[in-house]
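Visitor: Below is the structure I would like to discuss, written out as structure tokens.
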């Protein structure tokens, strides 16, 4: 059995369904793989998933695409590559309580934004505000990552970045009205998130094993599309206590259309990646131009 550890970007949720399904249904085992799923609550997010890959504590991580750029451009560069995407479309948004009176991004001027401290996050939000006619002048706070959603609910911040298919469903289930601002609606060609992050060297040396891993994972996500209730049973036992009130089947049904199809699950389109990289350069968030092939490992799917 070839062993793999994947470090997830958050506590178990719908975005991770395919991994849990592939493990529970034996899809990994069938292809000669023994897979361990690591979640950040195991160490209170003391290290990011990408950092664990760099340190050799995990073989893969789930993280935003910008993590690949970040690790490629830091002083001591790491050979990060994206090998698959979970969603074919962006399912995230900037969220605020409807009761806050924040009706559009420009209303965030002078407000408090709870940030995950991701590479371009704060500047993306600033640009959204500017694109909507605002000044981009807001206060940024950095709460503990696993408690950021709570800052909105407890009025300790005015907005944060969420997944519409998770916190969005949670808010709906609790009768909390949100205003959601999607990147694409405000001129931000946001890329893929989350993606499967790995070392180019490791993928090259173990290409067959990584290919099998993605094959089994793809099977898990496609199973979830056809069998949402059965898929939920595979990851429900691992859902964090604070998320137990989420209608997991509703969340799964919301997520499934964005996984893609048997033909394109996991595939990052070169043009879409290039558009995002160009946007980073045009807005001076990056100085070094990158070729898509330097950041995405094609040919595994």
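The values are calculated or read from the model by the stated rules, or taken from the named source; none is laboratory data. In this text the structure is predicted, and so the values were computed from the model without any measurement. Ideal geometry is used to build each Cβ from the backbone, glycine not excepted, and the neighbour counts take in all protein chains shown.
Visitor: Which of the residues belonging to the range 222-249 are more than 21 Å from the chain's Cα centre (by Cα), modelled with pLDDT of 95 or more and not in a helix (DSSP H, G or I)?
Guide: 227
Visitor: Under the condition of being surrounded by fewer than 19 Cβ atoms within 10 Å (Cβ to Cβ) and not in a loop (DSSP other than H, G, I, E, B), which residue from the range 71-87 is modelled with the highest pLDDT?
Guide: 72
Visitor: Residue 178 fails exactly one of the following numbered conditions: (1) outside the structural domain of residue 61 (by TED's automatic domain parsing); (2) out of contact with any strand residue (DSSP E or B) (no Cβ under 6 Å at 6 or more places or on another chain); (3) surrounded by 15 or more Cβ atoms within 10 Å (Cβ to Cβ). What is the number of that condition?
Guide: (2)
Visitor: Among the numbered criteria (1) surrounded by fewer than 19 Cβ atoms within 10 Å (Cβ to Cβ); (2) in contact (Cβ under 8 Å) with a residue 60 or more places away in the chain; (3) assigned to a helix (DSSP H, G or I), which single criterion is violated by residue 219?
Guide: (1)
Visitor: While we're here: Quick one: residue 268 ticks every box in (1) within 20 Å of the chain's Cα centre (by Cα); (2) part of a loop (DSSP other than H, G, I, E, B); (3) surrounded by fewer than 20 Cβ atoms within 10 Å (Cβ to Cβ); (4) in contact (Cβ under 8 Å) with a residue 40 or more places away in the chain except a single one, so which number is it?
Guide: Here residue 268 clears every test but (3).
Visitor: Could you list, in sequence order, all residues of the range 206-229 that are farther than 16 Å from residue 33 by Cβ and out of contact with any helix residue (DSSP H, G or I) (no Cβ under 8 Å at 6 or more places or on another chain)?
Guide: 226, 227
Visitor: Moving on. Can you give me the number of residues within the range 115-146 that are touching a residue at least 40 places away in the same chain (Cβ under 8 Å) and under 24 Å from the mean Cα position of the chain (by Cα)? Quick ask: steps written out before the conclusion?
Guide: At the first step, the residues of the range 115-146 found to be touching a residue at least 40 places away in the same chain (Cβ under 8 Å) are 115-116, 118-121, 123-124, 127-128, 131-132, 144-146.
Checking which are under 24 Å from the mean Cα position of the chain (by Cα) leaves us with 115-116, 118-121, 123-124, 127-128, 131, 144-146.
Residues meeting the conditions: 14.
Visitor: Which of the residues spanning the range 205-216 are in a helix (DSSP H, G or I) and either within 14 Å of residue 266 (Cβ to Cβ) or touching a residue at least 40 places away in the same chain (Cβ under 8 Å) (or both)?
Guide: The first filter runs over the range 205-216 and keeps only residues in a helix (DSSP H, G or I), leaving 205, 207-216.
Listed by number, the residues that qualify are 207, 209, 210, 211, 212, 213, 214, 215, 216.
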